[in-house]
Ligand code: HEM
Ligand SMILES: [Fe+2]
Ligand SMILES: [Fe+2]
């Protein structure tokens, strides 16, 4: 009998494959922090070049960087289906994501058409390669709630990139897409909710029960939530042609769906069987609290147009969602994935016994992870004040940069221990 | 309990529960209880591995002709887990909390992703390919359990 599609137990890809993504990501976090610290005046409105540049340093350079690397690692485990031509896909998408994000940031900051153009080409290559590979893998995947969530997230990413490319061509002055405002709105909501949030939802179904031994998410929720949120996003994007009442109902349902996910996650975590202190858990809880705050800020804007039209509102919402929610969850995940992979590859390469190599917990010092969590928390709190007192940006950017540097040092320390014990990185 | 997925899947959860109790006892430095809980966890794991390695995997291999594929990777991961369990046993005997918790965190990650692969892929596939043999296989696994406990 030939090996059926969907059943793959191939060994994990080599250590350096996901790590190149994980070790690059903090550098973009540092870049975003420097932009915040250097130009507090520019933080008064969401449309300034600096804010657009730092937004994409965060969404592409940090979040997408980690998420692409993590998906390449995870799909074989959760879906039984690795990406085709994995090594080539990893190399091309990593290099083009790094250069493309830098070019797009340069485009925003200088307004030069050539920079936008190279950003569009490089990011186009990056995501075309990744998305074709991911779609191939997902088409063969074993069905399940996580795979279902990832499928919608990948669809959300595809729409985000298409819209982003159109918007970048517009900024470069090469093409004027129709309905610009709706296109920007759709780009933002598919990017942040369709891609980032749905990916976190899909992955949470798997890792929340696994890390802390909680009960599983109720199947009644996990089966339909990602698909429902995605359908609501489509309706949300079509809001300009919907009757206003319908658009309001769609928005209310979106908010309710997100809150349902948060409530389920916090409830499961409160029933966890493993009660040891855990930095990743703290990061998840901070992320979930920020998600609640995002929805609250957004609801206030629906009821109070003066707030919705203020400069502060979108900046506050973006800070809560990107910094407080997405960056926290991703940072927390790195503290599980990287130490585990370091241990796993060391054990497999050396065929070592448990006593002779460091455990997962020895890979990154607990105190340093805690310290970095505190820095991240302080940075988040300071950032929340920036939309109201832009001068806080100097302090907020400074602490965020420090937090990102410590994150980087922590991840590097796992690689250093791996190599020091005789692991072969490449 | 008439599928392999149900039977061995719920055994995974039973092992998880014993794991959590043993780890909690170590976290509280309640060493007497820790040794007892860990002993039960270790025995449950050993029994689970034995059921898979002596009953399920051979049946799967002879039905599918795949003896170097999935089951080989699973056996390898069992060896890694056995090794971690041995380390944990030494740590609990020496009342070494740090060592135990480092190993248990590692074991949890390895064990959970191993179980995931079995529950998502290997067990459902075994249920499909074993056909009529399935019932007798589950009975044999149940019987191996009652022997162990005597
Ligand atoms: C994961 C992917 C992405 C996410 C989550 C994302 C998110 C965002 C967000 C939140 C904004 C609004 C910024 C603000 O209000 O200050 C924005 C705007 C923008 N994005 Fe993206 N983005 C992504 C990818 C891209 C890509 C790949 C491109 C181009 C190739 C792009 C081009 C743009 C442009 C040009 C704007 C400004 C719209 C305008 O004012 O003309 N984005 N994006
Ligand atoms: Fe197993
Ligand atoms: Fe098993």
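Data table
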| item | result |
| --- | --- |
| Leading residue by the ranking (farthest from residue A:277 (Cα to Cα)) among those in the range A:371-412 that are out of contact with any helix residue (DSSP H, G or I) (no Cβ under 6 Å at 6 or more places or on another chain) and free of Cβ contacts under 8 Å to residues at least 60 places away in the same chain | A:389 |
| Filter result for residue B:36 (facing another protein chain (nearest Cβ under 9 Å), outside any loop (DSSP other than H, G, I, E, B) and more than 15 Å from ligand 3 (Cβ to nearest atom)) | no |
| Residue in the range B:48-64 that is within 9 Å of chain A (Cβ to nearest Cβ) and either touching a residue at least 12 places away in the same chain (Cβ under 8 Å) or within 16 Å of ligand 1 (Cβ to nearest atom) (or both) present | yes |
| Failed item, numbered, when residue B:42 is tested on (1) modelled with pLDDT of 95 or more; (2) more than 13 Å from every other protein chain (Cβ to nearest Cβ); (3) surrounded by fewer than 16 Cβ atoms within 10 Å (Cβ to Cβ) | (3) |
| One residue from B:73, B:92 being away from ligand 3 (no atom under 12 Å from the Cβ), modelled with pLDDT of 95 or more and within 14 Å of chain A (Cβ to nearest Cβ) | B:92 |
| Candidates A:103, A:53, A:90, A:70, filtered to the one that is over 17 Å from residue A:196 (Cα atoms) and in contact (Cβ under 8 Å) with a residue 60 or more places away in the chain | A:90 |
| Some residue of the range A:338-357 being within 29 Å of residue A:397 (Cβ to Cβ) and either within 14 Å of chain B (Cβ to nearest Cβ) or assigned to a helix (DSSP H, G or I) (or both) | yes |
| Among (1) in a loop (DSSP other than H, G, I, E, B); (2) at pLDDT below 95; (3) more than 9 Å from every other protein chain (Cβ to nearest Cβ), the one test that residue B:139 misses | (1) |
| Residue, nearest to residue A:224 (Cα to Cα), within the range A:130-140, restricted to residues that are touching a residue at least 24 places away in the same chain (Cβ under 8 Å) and within 22 Å of the chain's Cα centre (by Cα) | A:138 |
| Sole exception among (1) surrounded by fewer than 19 Cβ atoms within 10 Å (Cβ to Cβ); (2) at the interface with chain B (Cβ under 10 Å from one of its Cβ atoms); (3) free of Cβ contacts under 8 Å to residues at least 60 places away in the same chain for residue A:368, by number | (2) |
| Leading residue by the ranking (farthest from the other protein chains (Cβ to nearest Cβ)) among those in the range B:100-129 that are crowded, with 21+ Cβ neighbours inside 10 Å, more than 16 Å from ligand 2 (Cβ to nearest atom) and over 17 Å from the mean Cα position of the chain (by Cα) | B:100 |
| Any hit, the range A:169-191, residues being away from ligand 2 (no atom under 16 Å from the Cβ), more than 14 Å from every other protein chain (Cβ to nearest Cβ) and within 15 Å of residue A:291 (Cα to Cα) | yes |
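Okay, residues lined up against (1) assigned to a helix (DSSP H, G or I); (2) within 18 Å of the chain's Cα centre (by Cα):
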position	(1), (2)
B:32	yes, no
B:52	yes, yes
B:63	yes, no
B:95	no, no
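The values are calculated or read from the model by the stated rules, or taken from the named source; none is laboratory data. In this text the structure is predicted, and so the values were computed from the model without any measurement. Cβ: placed from backbone, ideal geometry, glycine included. Neighbour counts: every protein chain shown.
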